[in-house]
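**Student:** Let me begin by handing over the structure; questions about it come next.
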Amino acid sequence: MTPPDPATPARAGGAAADLAVVGAGIVGAAVAFGALTDRPASRILVLDEGAGNTATHWSLGVLAPWAATPGQRDLLVRGTARFRDPRLLALLRPHLRRVSVLVAAGAPTLERLARSTVGAGMEPASHGTVRAARDAVGELLLHPGDGFATVHGGIAVLDTAAAATALIDAVVDAGGHLRTGVRVTRVDTARPDGQRLLLSDGSTVTARRTALATGPWPAPVIGSGVASRSGASGVASRSGAAPWRTKRMAALRIDRELPADAPMVCFPDDDLFLLPAPESSGGAASPGGAWVSFRSEQWDVAPDGGPDTFGPHTLDEGRRVLGGRLPELVAAARPGRAGVDGYTPDRTPLTDRPAPGVARAAAASGAGARLCWGMADRVLELLVP
């Protein structure tokens, strides 16, 4: 990522930024780039604490076209228009790849997925796709009534961390500023010179509007200069309860060579999928291993993941789920990636306006890579005067 400009604090303090984006993960990066797209002359300041084990760095970046809820569908529809912007695609293209996909599930689930796709279509899987999956991973354990389907044209996979860096770099190249290694602790909104953001090093910056994209980390206290409101995982809801909970995200690493053209295999009824991860050799795909994402039920985890991010319990949890569907891979399963994200009860990310001139995009529920474009669109809409 582009190094922070050492002159940024002085310039940001001397003239208010049009937009301060708190958080430089994929959601914050999408917000910043979206603001630049909508208003190219905007002065954009991105502030990031620089935490390492973020949801963005953990993400496998599967841009699945399915929406589990009406809220997710709205975000996917919103995001599709932004994702197709040629300027955005030019930045993301080096970090995108497309994989074929085999979906194994019961008929009701397959019908629901077919109804909920946005910008893609589902169709029965060919014998060739099923055979390619079995050749790559071995036995597929099916439940009674399970069938196979695929997504026409495959599914795009994004290197989420690299994409976030590319978006932030584009904002900086266009005259924006990035400041890392500081946490925004407070946003004072009722000030004649614009909002004042207090940073953890004691300095301040000013902005006309603020977008909060802090992931599972606590958001700044928001106040009017007299009273303030805060919550355990961000700005408090009206009831005073945190609007989401943190949960472990985890993916096993499969230490076994798979063909370079192996399809992604999804078991949506189990919230389990295998994503081939071909290694790069001279710019060409070559046989490699895979990641297996599974549903972890470890809740209320500290955002930094704790000292034992992928411990024995997580490994056992993943192997147990994997064995129920892809038993021949259990012996090759190793500790992989683990992170933490905020989850709402129905997994629809939270986008709201907790105070005038402040919008929030949070609790991506493990879907930030595919929903960030819609979250950005919604946040920017909330910030329109």
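**Student:** Which of the following residues is closer than 25 Å to VAL265 by Cα and among the aliphatic types (A, V, I, L, M): VAL31, VAL21, VAL27, VAL101?
**Tutor:** Selected residue: VAL101, the only one of VAL31, VAL21, VAL27, VAL101 that is closer than 25 Å to VAL265 by Cα and among the aliphatic types (A, V, I, L, M).
**Student:** Of all residues in region 95-108 being in contact (Cβ under 8 Å) with a residue 24 or more places away in the chain and open to solvent by 30 Å² or more (accessible area, probe 1.4 Å), which is nearest to ILE168 (Cα to Cα)?
**Tutor:** Residue satisfying both the conditions and the ranking: HIS95.
**Student:** In the list ARG191, ARG179, ARG183, which residue meets the criterion of being open to solvent by 40 Å² or more (accessible area, probe 1.4 Å), modelled with pLDDT of 90 or more and touching a strand residue (DSSP E or B) at 6+ places or on another chain (Cβ under 9 Å)?
**Tutor:** Among ARG191, ARG179, ARG183, only ARG183 is open to solvent by 40 Å² or more (accessible area, probe 1.4 Å), modelled with pLDDT of 90 or more and touching a strand residue (DSSP E or B) at 6+ places or on another chain (Cβ under 9 Å).
**Student:** Of these, ASP74, ASP18, which one is touching a Lys or Arg at 6+ places or on another chain (Cβ under 9 Å), modelled with pLDDT of 90 or more, open to solvent by 30 Å² or more (accessible area, probe 1.4 Å) and not in a helix (DSSP H, G or I)?
**Tutor:** None of the other options fit; the residue is ASP18.
**Student:** Give the residues of region 109-130 that are under 20 Å from ARG98 (Cβ atoms), part of a helix (DSSP H, G or I) and either of a type in the set (D, E, K, R) or touching a residue at least 40 places away in the same chain (Cβ under 8 Å) (or both), sorted by residue number.
**Tutor:** LEU113, THR129
The rows are residues; the columns are (1) assigned to a helix (DSSP H, G or I); (2) over 30 Å from ALA338 (Cβ atoms).
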residue: ILE168; (1), (2): yes, no
residue: VAL171; (1), (2): yes, no
residue: ARG179; (1), (2): no, no
residue: ARG186; (1), (2): no, yes
residue: ASP193; (1), (2): no, yes
residue: LEU198; (1), (2): no, yes
residue: GLY215; (1), (2): no, no
residue: PRO218; (1), (2): no, no
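**Student:** For region 109-137, give me each residue that is open to solvent by less than 70 Å² (accessible area, probe 1.4 Å) and under 16 Å from ASP261 (Cβ atoms).
**Tutor:** ALA125, SER126, GLY128, THR129, VAL130, ALA132, ALA133, ALA136, VAL137
Here's the yes/no breakdown for (1) under 24 Å from LEU142 (Cβ atoms); (2) open to solvent by 10 Å² or more (accessible area, probe 1.4 Å); (3) touching a Leu at 6+ places or on another chain (Cβ under 6 Å):
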| position | (1), (2), (3) |
| --- | --- |
| GLN298 | no, yes, no |
| GLY323 | yes, yes, no |
| VAL330 | yes, yes, yes |
| ASP346 | no, yes, no |
| LEU350 | no, yes, no |
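**Student:** Same structure, new question: Please specify each residue of region 138-161 satisfying the condition of being under 22 Å from GLU123 (Cα atoms), open to solvent by 40 Å² or more (accessible area, probe 1.4 Å) and over 24 Å from the mean Cα position of the chain (by Cα).
**Tutor:** LEU141, LEU142, HIS143, PRO144, GLY145, PHE148
**Student:** Something else: Report yes if ALA251 is modelled with pLDDT under 90 and either touching a helix residue (DSSP H, G or I) at 6+ places or on another chain (Cβ under 9 Å) or open to solvent by 60 Å² or more (accessible area, probe 1.4 Å) (or both), otherwise no.
**Tutor:** So ALA251 fails the test.
**Student:** Also, quick follow-up: For region 352-385, what are the residues that are part of a strand (DSSP E or B) and touching a residue at least 60 places away in the same chain (Cβ under 8 Å)?
**Tutor:** PRO354, ALA355, VAL358, ALA359, ARG360, ALA361, ALA362 - these are the residues of region 352-385 that are part of a strand (DSSP E or B) and touching a residue at least 60 places away in the same chain (Cβ under 8 Å).
**Student:** From the list ALA133, ALA164, ALA211, which one is within 27 Å of ALA277 (Cα to Cα), under 23 Å from the mean Cα position of the chain (by Cα) and modelled with pLDDT of 95 or more?
**Tutor:** Result of the check over ALA133, ALA164, ALA211: ALA164.
**Student:** What do you reckon, is PRO124 more than 30 Å from the chain's Cα centre (by Cα) and over 16 Å from LEU275 (Cα atoms)?
**Tutor:** no
The values are calculated or read from the model by the stated rules, or taken from the named source; none is laboratory data. In this text the structure is predicted, and so the values were computed from the model without any measurement. In this analysis, Cβ positions are derived from the backbone assuming ideal geometry, glycine residues included, and neighbour counts consider all displayed protein chains. These area figures cover heavy atoms from the full protein model, side chains too; ligands, DNA and RNA do not enter into them. Shrake-Rupley method; radii C 1.70, N 1.55, O 1.52, S 1.80 Å.
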